[in-house]
Amino acid sequence: MGYDDFEDDDEEFAKEYARLSAEDKNYNEEEAEAYNKNKSNKNKSDITKTEKKSGDKKQVEVYTKKSEEKKEKKVEKEKEKDEDNNNNFGEGPNEGDKDNNNPYFYAKELIKNNKFICFYGEEILYWYDFKSGKYYMNGESIVKKLVQKISNKDYRGVRKNHVSETIELIKRNFLRPKPYEDEYKHILLVGNGIIDTSTLKNQNDPKVTFHPYFNSKYFILSGVPWKYEPNADCPRINKFLIELVIGIDRCSKYTNWGDLFASLSYDEKNKVRTLPEFIGYCLLRSCDFKKCLILKGGPDSGKSKFTDLVEKFLGYESCSGVSLQEMRQEYNIAEIYGKMANIRAELSGKRLEDTSIVKIFINGDPVTGRIIRSRPIRFQPHAKLIFATNIFPAVSMNEDNSFFGKIIVIMCPNAFPRNDAFFDYISTPEEMSGLLNVAIRGLERLMTNKRFSYEPNADEIAKWFPRYSEKGGRRSYVEE
């Protein structure tokens with residue numbers, strides 16, 4: 001065995017072996033062979049280890065590649081899921097751990113079957129009701145209730161910071177610019193779908209467009225709870241509106257309300273027409289016609305029955321009840337936000353110091369209100385003002401006609417016999433669906449004529465206010 005028998009990497013070992021062989025002639029070749037054999041085995045072992053490491057490296061590379069591909073597929077799948085569910089909450093602690101104690105898990109579970117929305121500059125979390133098509137401002141309360149339901153714990157078992165973090169996650173995920181107030185002014189929510197009233201402008205074929213479904217793209221906070229049935233009628237309500245204007249005695253002579261209406265004078269017909277026109281005006285989510293309605297009459301004159309009827313027709317959630325004197329308070333201003341009408345069955349005779357805020361609401365100009373435990377909110381109101389009263393509030397004698405010209409006063413001089421069942425008699429679901437058709441026809445007439453059928457002169461209204469105010473005496477409804 002010589003020098004050439006060794007590999008280059010064992011050169012030092014070969015040289016040392018040759019030196020020892022020359023110095024010691026009595027060298028035991030068997031031990032040398034045994035030593036070389038061991039070294040050879042060692043080299044083979046090293047080669048095997050190298051090959052094994054190389055194989056392991058290849059195996060690791062294959063595993064890593066598969067793992068990365070699997071991870072990429074998972075990321076793409078989660079991304080698609082996020083896009084479908086609008087579910088981009090980011091990475092959170094213990095994400096995926098369904099221990100019902102994780103805000104990220106709560107948030108993802110909540111938006112599977114719920115839709116929320118939040119606007120820049122506001123703290124309100126809106127919740128969309130798929131059954132009615134409306135958005136509600138109680139999104140935070142809904143989140144609290146559903147988190148408790150998901151966690152299977154009572155309110156004491158859910159940590160407050162988890163609920164607040166869940167709310168913040170949902171707010172950030174659904175943060176959007178707020179749409180313009182009049183963007184969907186012709187969209188009306190009804191009990192069984194959506195009505196588009198913009199087609200009423202077509203004078204050749206004025207009719208509404210009905211869609212038997214709801215759509216969350218319309219940010220609407222109020223709607224009519226009754227079903228739209230094109231052939232429905234409301235003969236009882238029609239007769240009541242005539243009785244409200246001319247009295248029961250004259251109406252008792254007729255059995256058909258159509259014949260009764262035909263017997264009215266021109267002025268009386270216009271007054272009767274104005275009532276469904278104003279109800280139809282409430283269906284429009286804008287204040288284009290800039291009018292307020294006041295029913296003036298004595299006790300049992302039916303004026304309160306009318307306000308109750310309109311409130312039930314529009315839905316109690318769609319109405320507020322702020323008086324003229326309370327409109328300046330920021331919390332009361334927020335009460336009118338998103339409502340279809342502001343209805344007050346009785347006005348105070350207290351002096352109205354400033355009419356500017358009333359004119360702002362009648363015109364639909366932007367106002368700023370404050371919701372309890374929230375920052376101020378600026379909005380453009382579209383709630384129509386409807387009041388019933390025995391006496392008018394006192395106003396300044398220097399008030400110009402810009403205020404009085406915005407008011408329609410309907411006198412109700414007659415008295416109705418007391419009947420507790422009368423309101424239920426005229427407000428059945430069938431009558432309400434019929435009233436919806438009457439209101440739509442009234443809105444069509446209003447949009448065609450660009451004015452109400454009855455609009456009293458501003459100078460005349462200016463004389464009525466001091467005459468029928470508290471100082472004017474309580475003879476007001478007797479004189480009419």
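The values are calculated or read from the model by the stated rules, or taken from the named source; none is laboratory data. Keep in mind that what you see is a predicted model, and the values were worked out from it rather than measured. When we count neighbours, we look across all protein chains shown, and the Cβ atoms used for this are built from the backbone with ideal geometry, even at glycine.
In region 358-381, the qualifying residues are those that are crowded, with 19+ Cβ neighbours inside 10 Å and of a type in the set (A, V, I, L, M), and the one that is farthest from Gly223 (Cα to Cα) is Val358.
Does region 414-435 contain any residue that is part of a loop (DSSP other than H, G, I, E, B), assigned by TED's automatic domain parsing to the domain that holds Asn231, surrounded by 13 or more Cβ atoms within 10 Å (Cβ to Cβ) and not polar (S, T, N, Q)?
yes
Look at Phe465 and say whether it is surrounded by fewer than 20 Cβ atoms within 10 Å (Cβ to Cβ), in contact (Cβ under 8 Å) with a residue 12 or more places away in the chain and not in a loop (DSSP other than H, G, I, E, B). The answer is no for Phe465. Leu260 meets all of the listed conditions (1) within 30 Å of Arg418 (Cα to Cα); (2) assigned to a helix (DSSP H, G or I); (3) touching a residue at least 60 places away in the same chain (Cβ under 8 Å) but one, namely (3).
Out of region 322-346, which residues are part of a loop (DSSP other than H, G, I, E, B), over 18 Å from Arg285 (Cα atoms) and in contact (Cβ under 8 Å) with a residue 12 or more places away in the chain? So that I can check it myself, show each step before the final result.
Of the residues in region 322-346, the ones part of a loop (DSSP other than H, G, I, E, B) are 322-323, 327-329, 336-340, 345-346.
Still in the list and also over 18 Å from Arg285 (Cα atoms): 322-323, 327-329, 345-346.
Listed by number, the residues that qualify are Val322, Ser323, Met327, Arg328, Ala345, Glu346.
Do we have Tyr254 as among the hydroxyl-bearing types (Ser, Thr, Tyr) and either surrounded by 13 or more Cβ atoms within 10 Å (Cβ to Cβ) or within 30 Å of Lys305 (Cα to Cα) (or both) here?
Details: among the hydroxyl-bearing types (Ser, Thr, Tyr): yes; either surrounded by 13 or more Cβ atoms within 10 Å (Cβ to Cβ) or within 30 Å of Lys305 (Cα to Cα) (or both): yes.
The answer is yes for Tyr254.
Checked against the criterion of being assigned by TED's automatic domain parsing to the domain that holds Asn419, at pLDDT below 95, in contact with a His (Cβ under 6 Å, 6 or more places away or on another chain) and closer than 30 Å to Asn401 by Cα, region 231-242 has no qualifying residue.
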